[in-house]
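*Asks:* Quick one: this structure, given as structure tokens, is what I'll be asking you about.
The values are calculated or read from the model by the stated rules, or taken from the named source; none is laboratory data. This one's a predicted model, so the numbers in the text were calculated from it and none came from an experiment. Here Cβ is always computed from backbone atoms with ideal geometry, including for glycine, and neighbour counts include all displayed protein chains.
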Amino acid sequence: MRLTEKEFAEMFPALSSNPALSPKAKRKPSPAVIPTEHQEQVKLVRHVHEHYADDMSFVDEVFFAIPNGMLAGGHNKFALMKKFQTEGLKNGVSDILYLQARGIYGGLAIEMKRSDLRTRKDGGMRVAQTAFQEAARKIHWAAVTCYTGEEAITVFDNYMSLTPLVAVRIMMNVVNDDEVDDEMPSLA
């Protein structure tokens, strides 16, 4: 039930005398809520798991997130980060990695950023993140920065539309199907 102005004034006389609180007062629209990097990354991961679960060419075990940006718990976060770095943690590694080679690429690295960072001069990228992407591209990886979950989904879908590298090599007669498993020397 909606109150008329008169009913509102009768029920709330103190409020009705304040024009800002009247039912017809125009309120400023709330600023648009910008999704967090986490929310956008979750969109990508959900999409991948929903759309590629039955795709025989998708290898879920080599699709994962890198927790570089996480805040480690405990009282001494810096000591914990130092410990992780001595174990090989590197700053700047992209948020999502997919290690399957496809087309001409050795793998896919996706760095997620909030959409409001797109207009900044550096695009919201830290020096270490830019260096990682440049290094990944030098070894023929697809390394991309995405500012929305939708962008990341498009990048991943486009990557998955490429032919897996082993299939490309078979089609080019670089190896035949029987040699694929035998071509890698054991590292054990």
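*Asks:* State which residue pairs qualify: first residue in the same structural domain as Tyr147 (by TED's automatic domain parsing) and inside the range 35-57, second residue surrounded by fewer than 12 Cβ atoms within 10 Å (Cβ to Cβ) in any location, beta carbons under 7 Å apart, and separation of 6 or more residues or different chains.
*Replies:* Qualifying pairs under 7 Å: none.
*Asks:* I'd like the full set of residues that are buried (at least 18 other Cβ atoms within 10 Å of the Cβ) and in a loop (DSSP other than H, G, I, E, B), limited to the range 93-122.
*Replies:* Of everything in the range 93-122, those that are buried (at least 18 other Cβ atoms within 10 Å of the Cβ) and in a loop (DSSP other than H, G, I, E, B) turn out to be Val93, Ser94, Asp95, Gln100, Ala101, Gly107, Lys113.
*Asks:* Filter the range 131-167 for residues that are of a type in the set (Val, Ile, Thr), closer than 18 Å to Ala65 by Cα and either touching a Ser or Thr at 6+ places or on another chain (Cβ under 9 Å) or touching a residue at least 40 places away in the same chain (Cβ under 8 Å) (or both) and give the result.
*Replies:* Val144, Thr145, Thr148, Ile153, Val155, listed by residue number.
*Asks:* Say we look at the range 21-69 and pick out the residues that are farther than 30 Å from Asp116 by Cβ and charged (D, E, K, R); which of these is modelled with the lowest pLDDT?
*Replies:* My answer is Lys24.
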